[in-house]
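Structure first, commentary second.
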Amino acid sequence: MMWTTTVLLLLVPQLLSSTDTGNNANFNESEIVNEDFSDAPVKGQKPGGVKGRDTCSIPCEITVKLLRDEKHSICGQLQQSLLAFGRSTRKLIRDVLDEQQRAQDILSSQVTELMAKVQTLSSEVERSNTEMYSIKPVQSHGRDCSDIKDNLLSVVPKIPSGIYIVHPENTDSSFEVFCEMDYMGGGWTVMQRRTDGLTDFKRPWADYADGFGNLAGEHWLGLKKLFHIVNQKETRFQLHVALVSQDDVTSYASYDDFHLDNETQFFSIHLGRYAGSAGDALRGYDQDQNQDTAPFSASDVDNDGCNPSCSIDNRTVESCSTQHNQTGWWFNQCGLANLNGSPEDAEQNREQRTHILWDTWRQNGVLHVIKSVTMKIRRIATNN
Ligand SMILES: [Ca+2]
């Protein structure tokens, strides 16, 4: 390419002067002709020779024609070279531009790809931050969620709901609980939640004593932990049962005093005055159904008051836990409440009472079908 360019640069002035105008060319030609006519006899003159046309070795017309042909041929070649040079230059420029465009396209797509990756990563980071916020327990010194709320209230304008670590009084153990800080003034320690039926509540005594499930979702906190919380000195706790029906009707039952006996007494439940809209199913309509002061039963520990058996709905029942889908509860001749039943209908059959049961919540005599329940406890302000 360099060689071609150099040659062409050297030849272009000649080509331009040759092809400048037809008149000039003709003028030059006539000069050449004149020269030939005037010089030829001199060059060809022999000493003592005769001057004249016959001294030319080649006729002048032929010389002129040959020269003209040669010039035309050179001009033609130059024009061809120039055209080729123009074409190759245009192609070169086009190739360079195409190459630049391709590089630009690749860069552009890489930038787009990177932007998408950055976007994905940012949302990933944001999501994991949110998850950490809700699942990672908050290190907070408090004896229960009410205590944490009181401690944080002066330093945090809005305390978030979530998992906190509590350390109740008079115990060496600290453990995680879910604190509801938004519901009805906050400070609630969740002791049970059923929402989607994904957690298996068919459990033996040990599981009900220690707790199971996912604190952020369905779970049973555990009777031992609950005992530690509600039996702290100079504290009183209220129990709040929040119910939601399949028609999205909400209702509640509240007991202004709630505590448990220790494990040797099978964590018997003690309830204060009832208030609410769902009815006092824990006490029922008569003493036979009253679960207040009843010890806890599970599939493998029978304290249900059916000894050896009870008659429930004209059926003989020996184990209320078995009758209630292997769940644990403070059964008394089974009774009218069992919030550890399933929110799903799949397991329901005529022989068993598998569904979440709160038998006093009815509309025109018809039971509400309960799709979710939360049991939570909160300190009652004392006068000390
Ligand atoms: Ca029994």
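Beta carbons closer than 6 Å, at least 6 apart along the sequence or on distinct chains, pair a first residue in the stretch 176-189 that is within 14 Å of Gln238 (Cα to Cα) with a second that is of a type outside the set (A, V, I, L, M, F, W, C) for Gly186/Lys149; Gly187/Ser146; Gly187/Lys149; Gly187/Arg378; Trp188/Glu180; Trp188/Lys376; Trp188/Arg378; Thr189/Asp144. Within the span defined as the stretch 342-365, every residue fails to be buried (at least 23 other Cβ atoms within 10 Å of the Cβ) and within 14 Å of the ligand (Cβ to nearest atom). In the stretch 342-368, of all residues being modelled with pLDDT of 95 or more and among the hydrophobic types (A, V, I, L, M, F, W, C), the one that is farthest from Gln323 (Cα to Cα) corresponds to Trp361. Which ones in the stretch 351-384 are hydrophobic (A, V, I, L, M, F, W, C), within 22 Å of His219 (Cβ to Cβ) and not in a loop (DSSP other than H, G, I, E, B)? Correct list: Leu357, Trp358, Ile370, Val373, Met375, Ile377. Could we say that Thr250 is without any contact (Cβ under 8 Å) to a residue 12 or more places away in the chain, within 16 Å of the ligand (Cβ to nearest atom), surrounded by fewer than 17 Cβ atoms within 10 Å (Cβ to Cβ) and among the hydroxyl-bearing types (Ser, Thr, Tyr) here? Taking the combined requirement at face value, the residue does not satisfy it.
Mind checking which residues of the stretch 269-279 are part of a loop (DSSP other than H, G, I, E, B) and surrounded by 18 or more Cβ atoms within 10 Å (Cβ to Cβ)? Give the derivation first.
Within the stretch 269-279, the subset part of a loop (DSSP other than H, G, I, E, B) is 272-273, 277-279.
Those that are part of a loop (DSSP other than H, G, I, E, B) and surrounded by 18 or more Cβ atoms within 10 Å (Cβ to Cβ): Ala278, Gly279.
Each row is one residue, and each column tells you yes or no for (1) in a loop (DSSP other than H, G, I, E, B); (2) within 14 Å of the ligand (Cβ to nearest atom); (3) touching a residue at least 24 places away in the same chain (Cβ under 8 Å); (4) touching an Asp or Glu at 6+ places or on another chain (Cβ under 7 Å).
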position	(1), (2), (3), (4)
Ala281	yes, no, yes, yes
Tyr285	yes, no, yes, no
Asp288	no, no, yes, no
Pro295	yes, yes, yes, no
Asp304	yes, yes, yes, no
Pro308	yes, yes, no, yes
Ser311	no, yes, no, no
Thr316	no, yes, no, no
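So, in the stretch 168-218, exactly how many residues are acidic (Asp, Glu) and outside any loop (DSSP other than H, G, I, E, B)? Matching residues across the stretch 168-218 total 4.
The values are calculated or read from the model by the stated rules, or taken from the named source; none is laboratory data. What you see is a predicted model, and the numbers here were worked out from it, not measured in a lab. Cβ atoms come from the backbone with ideal geometry, glycine included; neighbour counts cover every protein chain shown.
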